[in-house]
Amino acid sequence: MAGGLGQGAGVRRWIFRRAEQLGIAGTVRNLEDGSVEVMLLGGPLAVKQMRRDLESGPRFARVDGIAEIPCSLDPDTVVFSIL
């Protein structure tokens, strides 16, 4: 899953905390174009909830859109990391 969230406003920290609360593994990182990429690995309900959370974003962030694309994460990934 890749997000159209803008950088700044504590976006990566917010995503990290929310992923941990939902028991989701994966990564979040800033991209050169100013957007944020999020890769998720978790149960279908948790990932669906995370997508809903990403659509609204943290309090001071602007969400331009969410683009969901298949990605490959090592299935043994058990933590969420900020890159």
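Condition (residue is in a helix (DSSP H, G or I), in contact with a strand residue (DSSP E or B) (Cβ under 7 Å, 6 or more places away or on another chain), buried (at least 18 other Cβ atoms within 10 Å of the Cβ) and modelled with pLDDT of 80 or more) applied to the range 23-36: is it met by at least one residue?
Filtering the range 23-36 for residues in a helix (DSSP H, G or I) gives none.
Checked the range 23-36: no residue is in a helix (DSSP H, G or I), in contact with a strand residue (DSSP E or B) (Cβ under 7 Å, 6 or more places away or on another chain), buried (at least 18 other Cβ atoms within 10 Å of the Cβ) and modelled with pLDDT of 80 or more.
Here are some residues: Pro44, Pro75. Which one is more than 10 Å from the chain's Cα centre (by Cα) and at pLDDT 90 or above?
Selected residue: Pro44, the only one of Pro44, Pro75 that is more than 10 Å from the chain's Cα centre (by Cα) and at pLDDT 90 or above.
Collect the residues in the range 37-83 that are of a type in the set (Val, Ile, Thr) and surrounded by 10 or more Cβ atoms within 10 Å (Cβ to Cβ), keeping them in residue-number order.
Across the range 37-83, the qualifying residues are Val38, Val47, Val63, Ile66, Thr77, Val79, Ile82.
The values are calculated or read from the model by the stated rules, or taken from the named source; none is laboratory data. Since the model is a prediction, treat every value here as computed from it, not as a measurement. When we count neighbours, we look across all protein chains shown, and the Cβ atoms used for this are built from the backbone with ideal geometry, even at glycine.
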